[in-house]
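Participant: After the structure tokens below, expect a handful of questions from me.
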Amino acid sequence: MNILKFLKEKKTLIAFDNEQVINKAKISKKNNHLNFEKENDYFVFIENYNLTEKLVFEVNKGLNLRIYLITYQSKNLEIEYEFNIEENASLELYTNFNTRRNNKFNLKLNFNLDENASLKLMSALIFNGNLSLSTNINLNGKKSSAEVEVLNIGYKDTKFNIDQFVRHLNKSTVSNINNSLIATDKSKLKYSVSGFIAKGNELSKAHQSNKGIMLSDSCEIEVEPKLFIDEYNVEASHGAAIGQMDEMQLYYLLSRGLTEQQARSLIIFGYTNPFISMIEDKDIKRLLTSQITRVMKGKADNE
Amino acid sequence: MILEIKDLYVSIEDNLILKGLNLKVNGGETHAIMGPNGTGKSTLAQICMGHPSYKIESGDILLDGESIIDKTVDERSRLGLFLAMQNPIEVPGVTNFDFVKAAVQTRMSKDEHLRIGKFILKFEKASQDLKMGQGLAHRFLNQGFSGGEKKRNEILQMKMLNPCFAFLDEIDSGLDVDALKLVGQNVTELKSNDLGLILITHYQRLLDYITPDFVHIMINGKIVKTGKDELIKRIDQEGYDWVKKELGIEDEDIKPYSLGVCPSKH
Ligand SMILES: Nc1ncnc2c1ncn2[C@@H]1O[C@H](COP(=O)(O)OP(=O)(O)OP(=O)(O)O)[C@@H](O)[C@H]1O
Ligand SMILES: [Mg+2]
């Protein structure tokens, strides 16, 4: 297993591939069930693990957990993850999935939240490949809430199809989705973002905002926001701002002496920076920053 | 230094806005430009800065005798031009601090290093001078700033960048009485023989704090009258009608013009 160096040093690491499990975090793992019973920040590293069934993460009652999930899968490409967040528990989950070039990658992320449970999902999607990702969030319990933050950078011939679906299945449930999308080269990013509030689930709130910037002539970003609402006493909103780099923002920065290249980098950084700054762990933050810097190299130059 | 605008004609989307404008500003001088809405005051400031939407039809802009109209926006800035915009732009995700730092760094020569500690102190001092509040450095550039905060942030940038010529386009609009005084004091402190100031304003109150050496009245895309304090007072009391009458300027808006082929009533 090729564990990233800084991860090896983490005391709360659980890493596995087909041959080996390194379980410094002492999480109870039965087959494909990871059971989290102690409050902590965990680092989960998965490499080419053969998953025939879904991998289940159980967040027990009342626990506040932070999990950093980093995967390098290039063999088994149909994967389902399930996260069950029990009553009064909270999960802050950072994901960074990676695969080899041009692999077709099928990924499902399912979340089930009980009463008063909360989820903050931060997904960094930065690899060159062909990804279908569907994120399903079921707000089953009263007052459960989910915040989803996505930073997606498409480059080369990345092709991503992302489906996000939040189901509000109880009263006073809250969801908030923020997608920040950057496309360069010939990449294509396609999003369908749906919020569903069933009848009777009053005082629920479903919000989403989608920001996208296209940096080349041959890239594409397509976002389809959808809200299905069958109840009056709720709040819902969606917005999508997708386009080229804003001329006036560029002009403003240039007028203070920044070169065009500096100005463009700074504006692009403005898309990635809010996401990066949400990450608590310094090493993970550094890893992500270098990943972004690597793929964005030269992309700020005006073609 | 000298900034000279010579017989300048400028259009935007095929509308001619500046129609033969002349202005000469020496380092150390403060010029006020006043004039009715839509007369081209912001256009003048923007074209000097190099705004991409405006087009120079003829004429020239010279800095110390050298034309700058072929220079890019950032080159002009680094040559010492500054524009405090009437409507400062919001740039989400970019912190005020990172932005100003980049702007200061880009002015340094290759072998110079930004001394970050010194920079931070200067930034904080400037923020305090303008009563900008602590969190400002790490807020996103102009995003969610109040009208007055945006204006003060323009002056903060001016303080950090030490321009040779600064256009302040309606820096007074949106400022409360105390903030106006504060901005007035800050700009006055910046005055030196190395700074030429061009204040675009509608009101006397700004000019009570920053005393101009020259007052220009601009109507229909050119400067039609130049004087001193006495012009400000009169404009404040009477508006612009007297100037128009005196100089025989017709209101363009009142001029009859064709809307194309419309059925006419008799
Ligand atoms: N994009 C545009 N397309 C067409 N006309 C424009 C455009 N932008 C500005 N103008 C016109 O140019 C003219 C001059 O505008 P400018 O902003 O320079 O006026 P101003 O003197 O600064 O006015 P104010 O005192 O209201 O700020 C106005 O009539 C305005 O409507
Ligand atoms: Mg104006």
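The values are calculated or read from the model by the stated rules, or taken from the named source; none is laboratory data. Note that the structure is predicted; figures quoted are calculated from it, not measured. Reconstructed Cβ throughout: ideal geometry from the backbone, glycine too, with neighbour counts over all protein chains shown.
Participant: Could we say that B:Phe119 is in contact with a His (Cβ under 7 Å, 6 or more places away or on another chain), surrounded by fewer than 20 Cβ atoms within 10 Å (Cβ to Cβ) and farther than 19 Å from A:Met248 by Cα here?
Facilitator: no
Participant: Within the stretch B:194-242, which strands (runs of 3 or more DSSP E) (wholly inside it) include 2 or more residues that are touching a Ser or Thr at 6+ places or on another chain (Cβ under 8 Å) and not polar (S, T, N, Q)?
Facilitator: Once the strands (runs of 3 or more DSSP E) in the stretch B:194-242 are filtered for at least 2 residues that are touching a Ser or Thr at 6+ places or on another chain (Cβ under 8 Å) and not polar (S, T, N, Q), what remains is B:196-200, B:214-219.
Participant: Collect the residues in the stretch B:42-72 that are of a type in the set (Gly, Ala, Ser), without any contact (Cβ under 8 Å) to a residue 60 or more places away in the chain and more than 16 Å from ligand 2 (Cβ to nearest atom), keeping them in residue-number order.
Facilitator: B:Gly50, B:Ser58, B:Gly59, B:Ser67
Participant: Anything in the stretch B:174-183 that is surrounded by fewer than 21 Cβ atoms within 10 Å (Cβ to Cβ), away from ligand 1 (no atom under 16 Å from the Cβ) and within 23 Å of B:Ile235 (Cα to Cα)? List them, or say none.
Facilitator: Scanning the stretch B:174-183 gives B:Asp176, B:Val177, B:Lys181.
Participant: Is it the case, given these coordinates, that A:Ala236 is within 14 Å of chain B (Cβ to nearest Cβ), surrounded by fewer than 22 Cβ atoms within 10 Å (Cβ to Cβ), of a type in the set (A, V, I, L, M) and in contact with a strand residue (DSSP E or B) (Cβ under 6 Å, 6 or more places away or on another chain)?
Facilitator: no
Participant: What are the residues in the stretch A:6-42 that are free of Cβ contacts under 8 Å to residues at least 24 places away in the same chain and either closer than 22 Å to A:Asn84 by Cβ or not in a loop (DSSP other than H, G, I, E, B) (or both), if any?
Facilitator: Those that are free of Cβ contacts under 8 Å to residues at least 24 places away in the same chain and either closer than 22 Å to A:Asn84 by Cβ or not in a loop (DSSP other than H, G, I, E, B) (or both): A:Lys8, A:Val21, A:Ile22, A:Asn23, A:Ala25, A:Lys26, A:Ile27, A:Ser28, A:Lys29, A:Lys30, A:Asn31.
Participant: Further question: Consider B:Ala166 against the criteria (1) assigned to a helix (DSSP H, G or I); (2) at pLDDT 95 or above: it satisfies all of them except one. Which criterion is unmet?
Facilitator: Going through (1) assigned to a helix (DSSP H, G or I); (2) at pLDDT 95 or above one by one, B:Ala166 breaks only (1).
Participant: Which one is nearest to ligand 2 (Cβ to nearest atom), of the residues in the stretch B:1-41 that are of a type in the set (D, E, K, R) and over 24 Å from B:Ile89 (Cα atoms)?
Facilitator: If we take residues in the stretch B:1-41 being of a type in the set (D, E, K, R) and over 24 Å from B:Ile89 (Cα atoms), then B:Lys19 is nearest to ligand 2 (Cβ to nearest atom).
Participant: Filter the stretch B:141-163 down to the residues that are outside any helix (DSSP H, G or I) and surrounded by fewer than 17 Cβ atoms within 10 Å (Cβ to Cβ), then identify the one that is nearest to ligand 1 (Cβ to nearest atom).
Facilitator: This residue is B:Ser146.
Each row is one residue, and each column tells you yes or no for (1) within 16 Å of ligand 1 (Cβ to nearest atom); (2) more than 19 Å from the chain's Cα centre (by Cα).
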residue: B:Tyr203; (1), (2): yes, no
residue: B:Leu206; (1), (2): yes, no
residue: B:Thr211; (1), (2): no, no
residue: B:Val215; (1), (2): yes, no
residue: B:Ile219; (1), (2): yes, no
residue: B:Leu231; (1), (2): no, yes
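Participant: Considering only residues of the stretch A:243-272 that are among the small types (Gly, Ala, Ser) and more than 7 Å from every other protein chain (Cβ to nearest Cβ), which is surrounded by the most Cβ atoms within 10 Å (Cβ to Cβ)?
Facilitator: A:Ala263
Participant: Of all the strands (runs of 3 or more DSSP E) wholly in the stretch B:1-114, which have at least 1 residues that are at negative phi, away from ligand 1 (no atom under 11 Å from the Cβ) and facing another protein chain (nearest Cβ under 10 Å)?
Facilitator: Those strands (runs of 3 or more DSSP E) span B:81-84, B:91-95.
Participant: Within the stretch B:75-108, track down each residue that is in contact (Cβ under 8 Å) with a residue 12 or more places away in the chain, of a type in the set (D, E, K, R) and over 24 Å from B:Glu170 (Cβ atoms).
Facilitator: Answer for the stretch B:75-108, where residues must be in contact (Cβ under 8 Å) with a residue 12 or more places away in the chain, of a type in the set (D, E, K, R) and over 24 Å from B:Glu170 (Cβ atoms): B:Arg78, B:Lys101, B:Arg107.
Participant: Determine whether the stretch B:69-81 contains at least one residue that is at pLDDT below 95 and aliphatic (A, V, I, L, M).
Facilitator: No, that holds for no residue.
Residue-by-condition table, conditions (1) among the β-branched types (Val, Ile, Thr); (2) within 16 Å of ligand 1 (Cβ to nearest atom); (3) touching a residue at least 40 places away in the same chain (Cβ under 8 Å):
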site	(1), (2), (3)
B:Leu136	no, no, yes
B:Arg139	no, no, yes
B:Asp172	no, yes, no
B:Gln185	no, no, no
B:Asp194	no, no, yes
B:Leu197	no, no, yes
